[in-house]
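Okay, handing you the structure first.
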Protein chains: 2
Amino acid sequence: MVAPMDFFYEFASTYSYVTALRIAPLAAASGVTVRWRPFLLGPIFKAQGWDTSPFNLYPAKGRYMVRDCERLCAELGLAFRLPEPFPQNSLLAARVALVALEDGFGEELSRRIYLAEFAEGRAIAAPEVMAGIIDALGRDGAATLARAQTDQIKTKLRATTEEAQRLGIFGAPSFIAGGELFWGNDRLEQALAAAQRAEH
Amino acid sequence: MVAPMDFFYEFASTYSYVTALRIAPLAAASGVTVRWRPFLLGPIFKAQGWDTSPFNLYPAKGRYMVRDCERLCAELGLAFRLPEPFPQNSLLAARVALVALEDGFGEELSRRIYLAEFAEGRAIAAPEVMAGIIDALGRDGAATLARAQTDQIKTKLRATTEEAQRLGIFGAPSFIAGGELFWGNDRLEQALAAAQRAEH
């Protein structure tokens, strides 16, 4: 039996969107079980002196990222647009995703949140937007949002973010597979292969 | 006839090493003519406030880069080690490569310089190391080094670096194909495909 792979993703991250939308069929084909781990990059960026996305700090890199994501998304048949403002505050989305993962609809909700944000350019920091996305899945938006504000969920997100930092994670998406760190949508296939080689 | 592709590379760059060692057969298979364009990232990094490699500025990213390059190189059957200090001063290597490109042995010399630096960990900033690499190719190390210090070559390198900056290049390796910028060893295949689609 192959070892599971941890998928650390950040809702403000454009490349996490691309990975979130393509990981499921690739993992299934590899026989790898993926643990979806929403976390926050903000505290990690802050620790290295950044107060916003590197794509804002370095405009040439930011312009390139948009075009790169457009090309990657076009190959996958996905739309791509940046929400305003970029990056979005992803705190609520991460907490809501943790609730939904406990309740068994976290992966599908994560994909829907990413599509709302980066295919439609919607403001995912707004509670009413988030509630609408959850309701559209046939789940209870109001109840999910209420649980997202409990200490249990807040603590869980903080712990995940601290774990990511301890693991040496500095960007998103990141994968832990076979005891090693892999960074970026471009390393998804390599990470799955490493998980496939690793045994329980 | 497909349009040529520009390959901008920096001798201090680990990922440029990986690309330089694998680009030739892929380009040949695609029918794409590659223009090798050595340039300097230093002035571009300086313009965005960096005084050294981002892999030194952000240690977690630096540690990851070493492991990532080890894995990429292992897949290609290449050795990988960081030279001391990292990054190497790449000014002499870039000038020497420009001379060699004029004389028809620039691609092979570039590969040899990268192998000396990142497979053997040698100090490519040292003129005697560089002369030895050129001599080992059956060329005249002393004469090549002398031409590398002429105003014509110095001006050519400065012009290439300024052109890279105008093109929006912020890292290495970078490719210009079909009028678009592609960044990173991970985009080599995509850039070649874009060049293939573009016609003269």
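The values are calculated or read from the model by the stated rules, or taken from the named source; none is laboratory data. Note that the structure is a prediction, hence the values are computed from the model and not measured. Cβ atoms come from the backbone with ideal geometry, glycine included; neighbour counts cover every protein chain shown. Accessible surface is based on the protein model in full, side chains and every heavy atom, while ligands, DNA and RNA are left aside. Shrake-Rupley method; radii C 1.70, N 1.55, O 1.52, S 1.80 Å.
When chain A is treated as a GNM, springs tying every alpha-carbon pair under 10 Å, which of A:F39, A:F175, A:F80 comes out with the largest mean-square fluctuation?
Comparing A:F39, A:F175, A:F80 in a Gaussian network model of chain A, the most mobile one is A:F80.
In addition: Suppose R0 equals 25 Å. What FRET efficiency, 1/(1 + (r/R0)^6) with r the Cβ-Cβ distance, do A:Q149 and A:R111 give to the nearest 0.05?
After rounding, the FRET efficiency stands at 0.60.
A follow-up question, please. Please say if region A:15-73 is rounded, prolate or oblate, where rounded means a/c under 1.5 for a ≥ b ≥ c the square roots of the C-alpha gyration tensor eigenvalues, and otherwise the choice is prolate for a/b larger than b/c and oblate otherwise?
Here region A:15-73 falls in the oblate category.
Something else: Rank B:P54, B:S16, B:M5 by how far each Cα sits towards the positive end of the charge dipole of region B:1-113 (+1 on Lys, Arg Cβ; -1 on Asp, Glu Cβ) and give me just the farthest.
Farthest along the dipole direction, towards plus: B:P54.
Going toward the positive end of the dipole of region B:87-200, with +1 on Lys and Arg Cβ and -1 on Asp and Glu Cβ, which of B:N89, B:G179, B:I113 do you reach last?
The Cα lying farthest towards the positive end belongs to B:N89.
Which FRET efficiency, nearest 0.05, do A:A193 and B:L57 yield, Cβ-Cβ r, R0 35 Å?
Rounded to the nearest 0.05, the efficiency is 0.70.
Under 15 Å from a point placed 7 Å out from the Cα of B:R158 along the Cα-to-Cβ direction: which residues of region B:25-69 have their backbone N that close?
B:40, B:43-44
Same structure again: Using Cα springs under 10 Å in a Gaussian network model of chain B, which residue among B:A177, B:A159, B:A148 shows the largest mean-square fluctuation?
B:A159
Given Cβ point charges of +1 (Lys, Arg) and -1 (Asp, Glu) and nothing else, what value in debye, to the nearest 20, does the dipole of chain A about its Cα centre take?
Roughly 260 debye for chain A.
Once fully extended, how much extra length lies between B:L76 and B:A126, figured as 0.36 nm per residue of separation less the alpha-carbon to alpha-carbon distance?
Residue separation times 0.36 nm, minus the Cα-Cα distance, leaves 15.2 nm.
Say a label goes 7 Å from Cα toward Cβ at B:A24 in every copy; what distances in nm does this one have to the rest, shortest first?
Distances between equivalent label points, in nm: 4.6.
Over chain A, with a Gaussian network built from C-alpha contacts below 10 Å, which listed residue (A:R111, A:R67, A:R37) shows the highest mean-square fluctuation?
Per the Cα network of chain A with a 10 Å cutoff, A:R67 tops the list.
Also, quick follow-up: For peptide A:185-191, how many partner chain Cβ atoms fall within 10 Å of a residue's Cβ, on average?
Whole-number average of other-chain Cβ neighbours for A:185-191 is 2.
Which chain B residue hugs the B-A rotation axis most tightly by its Cβ, and what is that distance in angstrom, to the nearest whole number?
B:D186, 2
Would you mind calculating the gained length between A:E102 and A:T33 on full extension (0.36 nm times residue separation, minus the Cα-Cα distance), in nm to one decimal?
Between A:E102 and A:T33, full extension yields 23.2 nm more.
Across peptide B:128-141, what mean number of C-beta atoms from other chains lies inside 10 Å of a residue's C-beta?
Taking all residues of B:128-141 together, the mean is 0.
Report for the protein assembly as shown the percent antiparallel among DSSP-assigned beta bridges with both residues inside it, nearest 5.
60
Right, next: Would region A:1-140 count as rounded, prolate or oblate if I go by the C-alpha gyration tensor, calling it rounded below 1.5 in a/c and otherwise prolate when a/b exceeds b/c, oblate otherwise?
rounded
Restricting the count to DSSP beta bridges whose residues both fall in chain A, what percent are antiparallel, rounded to a multiple of 5?
Of those bridges, close to 60 percent are antiparallel.
Follow-up. How large is the charge dipole for region A:82-200, taken about the Cα centre, if only the Cβ atoms of Lys, Arg (+1) and Asp, Glu (-1) carry charge, to the nearest 20 debye?
For region A:82-200, the charge dipole is close to 220 debye.
At 1.4 Å probe size, put A:T52, B:T33, A:T160 in order of accessible surface, largest to smallest.
Largest accessible area first, the list is B:T33, A:T52, A:T160.
Follow-up question, since we're still on this one. Place the label 7 angstrom along Cα→C-beta at B:E75 and in each other copy, then list the distances from the first to the rest in nm, shortest first.
With the label placed 7 Å along Cα→Cβ, B:E75 yields 1.2 nm.
Given Cβ point charges of +1 (Lys, Arg) and -1 (Asp, Glu) and nothing else, what value in debye, to the nearest 20, does the dipole of the protein assembly as shown about its Cα centre take?
Using Cβ point charges on Lys, Arg, Asp and Glu, the protein assembly as shown gives about 360 debye.
In deg cm²/dmol, rounded to 500, what helix-only [θ] at 222 nm does the protein assembly as shown give when every DSSP H run of at least 4 residues adds -39500 (n - 2.57) and the total is split over its residues?
It lands at -16500 deg cm²/dmol.
Counting only protein heavy atoms and using a 1.4 Å probe, what share of the accessible area of region A:121-168 belongs to carbon plus sulfur, as a whole percent?
Whole-percent figure for carbon plus sulfur exposure: 53.
Can you pull the accessible area of A:W183 for me, 1.4 Å probe, Å² to the nearest 10?
90
For chain B, report the accessible area per residue in Å² (1.4 Å probe, heavy atoms, rounded to an integer).
On a per-residue basis, chain B sits at 43 Å².
Assume the label is 7 Å from Cα along Cα to beta carbon: what separations in nm does A:E120 have to the matching positions in the other copies?
Ordered by increasing distance: 6.0 nm.
Order A:K156, B:K61, most accessible first, counting only protein heavy atoms with a 1.4 angstrom probe.
Greatest to least solvent exposure: A:K156, B:K61.
Sorting check: for A:17-23, B:6-12, A:117-123, A:133-139, which peptide has the highest mean count of neighbouring beta carbons within 10 Å, and how do the rest follow?
Ranked from most to least packed, the peptides come out as B:6-12, A:17-23, A:117-123, A:133-139.
Over all residues in A:58-65, what is the mean tally of Cβ atoms on other chains that come within 10 Å of each residue's Cβ?
The mean count of partner-chain Cβ atoms within 10 Å per residue comes to 5.
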